[in-house]
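To start, the structure itself, in structure tokens.
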Amino acid sequence: MKSFRRHRRLRQNRGIRRMVREHHVSPDDFIYPIFAVEGKGLKTEVPSMPGVFHFSLDRLNEEVDEAVEAGISSVILFGVPEDKDACGSAAQAEDGIVQRAIAQVKERYPDLYVMADTCLCQYTDHGHCGVVKDGQVVNDESLHILAQTAVSQAQAGADMIAPSNMMDGFVLAIREALDRAGYTQIPILSYAVKYASAFYGPFRDAAHSTPQFGDRRTYQMDPANAREALKEAETDVDEGADMLMVKPGMAYMDIIHRLRESFHLPIAAYNVSGEYAMVKAAAAKGWIDEQAVVLEMLTGLKRAGADLILTYHAKEAARWLKEGE
Ligand code: PBG
């Protein structure tokens with residue numbers, strides 16, 4: 001006589017559940033985003049991102065110390081400059097905010113892995129990720145500036161360049177410029193698959209990078225498209241990307257999964273600002289169990305196929321994981 005399958009046998013206690021667990025989240029998976037601003041004595045909370053702050057350089061170490069203490073081994077730095085202009089000149093300044101932040105963090109923690117986000121939107125007065133001409137974000141004219149920005153970040157000591165601008169050809173332009181400058185060993189984590197997403201809203205508050213006209217739909221991807229993600233990723237692999245990113249995370253887990261099946265490079269998922277803000281808001285209302293939800297979400301991203309996760313929850317999640325051991 002045929003009996004039914006007893007799946008619950010392998011769930012009946014913590015020991016067996018641990019033995020059959022397929023995916024694990026670890027602090028080694030996290031890349032923690034940190035914002036550096038001009039000024040002195042500043043630790044200013046981003047209103048739409050409770051727990052995320054802008055740090056002036058004289059206070060930046062406080063945050064980096066905490067992250068290292070929590071067990072974080074990699075950070076990504078974003079600069080919020082004071083002066084913006086039409087072509088984002090401050091992005092590549094030797095003494096620019098992010099260049100100084102990178103140098104400072106590397107000096108304090110030579111072994112902490114420091115990534116630099118390479119984009120122009122924080123640095124341009126119009127808030128677009130490339131150069132604007134006649135009301136259009138122009139592609140090829142933006143590449144040189146982005147490449148120079150990447151080189152300046154490598155010069156400052158960045159261990160990896162993470163370009164997020166979504167211009168065509170940005171990986172190749174940056175790879176060539178890095179190589180020419182002698183940085184053949186600096187890898188590129190391409191934000192290869194970046195959607196034109198409403199989930200970036202809180203980040204734009206944080207980075208003061210909201211486009212002053214139009215939107216980013218002429219360069220970021222349409223959320224309705226999946227095959228196009230493979231095309232984008234393929235191009236960036238061809239151009240020399242060392243790792244690929246999918247962004248945002250939660251609403252795009254199918255995309256992470258598809259990339260995982262199609263490519264052999266490490267894949268990062270960006271658990272973006274809007275995802276963070278939703279969790280924080282619901283937790284503040286007492287509507288969800290924050291710790292459980294965050295760990296479940298991060299596990300979901302791993303299960304979908306992400307090797308690495310950029311997340312504002314990194315510091316807290318690393319602590320929870322340590323406590324849970
Ligand atoms: C810069 C950039 C953005 C994010 C990371 N790099 C914003 C954007 O494209 O508008 C968003 C990150 C987040 O929402 O957490 N281009």
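The values are calculated or read from the model by the stated rules, or taken from the named source; none is laboratory data. Here the structure is a predicted model, which means the values were calculated and not measured. FYI the Cβ positions are ideal-geometry reconstructions off the backbone, even for glycines, and counts take in every protein chain you see. What goes into the accessible areas is simple: the full protein's heavy atoms, side chains included, and nothing from ligands, DNA or RNA. Shrake-Rupley method; radii C 1.70, N 1.55, O 1.52, S 1.80 Å.
Need the failing condition index for D238 against (1) open to solvent by 30 Å² or more (accessible area, probe 1.4 Å); (2) within 16 Å of the ligand (Cβ to nearest atom); (3) of a type outside the set (G, A, S), just the number.
Among (1) open to solvent by 30 Å² or more (accessible area, probe 1.4 Å); (2) within 16 Å of the ligand (Cβ to nearest atom); (3) of a type outside the set (G, A, S), D238 violates only (2).
Quick check on this structure: which one of V293, V246 is β-branched (V, I, T) and not in a strand (DSSP E or B)?
On the way: V246 fails: not in a strand (DSSP E or B).
Only one candidate passes the filter, namely V293.
Go through (1) open to solvent by less than 50 Å² (accessible area, probe 1.4 Å); (2) in a strand (DSSP E or B) one by one and return the number of the condition V105 breaks.
In the conditions (1) open to solvent by less than 50 Å² (accessible area, probe 1.4 Å); (2) in a strand (DSSP E or B), V105 misses (2) alone.
Quick check on my filter: what residues within the stretch 99-147 are among the hydrophobic types (A, V, I, L, M, F, W, C) and more than 15 Å from the ligand (Cβ to nearest atom)? Talk me through it step by step, then tell me what you get.
First, the residues of the stretch 99-147 that are among the hydrophobic types (A, V, I, L, M, F, W, C): 101-103, 105, 112, 114-116, 119-121, 129, 131-132, 137-138, 143, 145-147.
Across the stretch 99-147, the qualifying residues are A101, I102, A103, V105, L112, V114, V138, L143, A147.
Counting only residues that are of a type in the set (A, V, I, L, M) and part of a loop (DSSP other than H, G, I, E, B), which one in the stretch 67-101 is farthest from Y312 (Cα to Cα)?
If we filter the stretch 67-101 for residues that are of a type in the set (A, V, I, L, M), which is where we start, we get 67-68, 70, 72, 75-77, 80, 86, 90-91, 93, 97-98, 101.
Retained after the next criterion (residues that are part of a loop (DSSP other than H, G, I, E, B)): 72, 86, 93.
Numbers: I72: 12, A86: 30, A93: 27 Å.
Result: A86.
Would you please name the residue that is least open to solvent (accessible area, probe 1.4 Å), looking only at residues in the stretch 179-209 that are over 19 Å from G79 (Cβ atoms) and assigned to a helix (DSSP H, G or I)?
It comes out as G201.
Under 7 Å between Cβ atoms, which residue pairs at least 6 apart in sequence (or on different chains) link something in the stretch 191-219 that is more than 10 Å from the ligand (Cβ to nearest atom) with a partner that is at pLDDT 90 or above and of a type in the set (D, E)?
Within 7 Å, the pairs are A192/E232; A192/D236; V193/E232.
Residue under question is V64, and the condition is that it be open to solvent by less than 10 Å² (accessible area, probe 1.4 Å), at pLDDT 95 or above and not in a strand (DSSP E or B); does it hold?
Working: open to solvent by less than 10 Å² (accessible area, probe 1.4 Å): yes; at pLDDT 95 or above: yes; not in a strand (DSSP E or B): yes.
Considered against the rule, which asks whether it is open to solvent by less than 10 Å² (accessible area, probe 1.4 Å), at pLDDT 95 or above and not in a strand (DSSP E or B), V64 comes out as yes.
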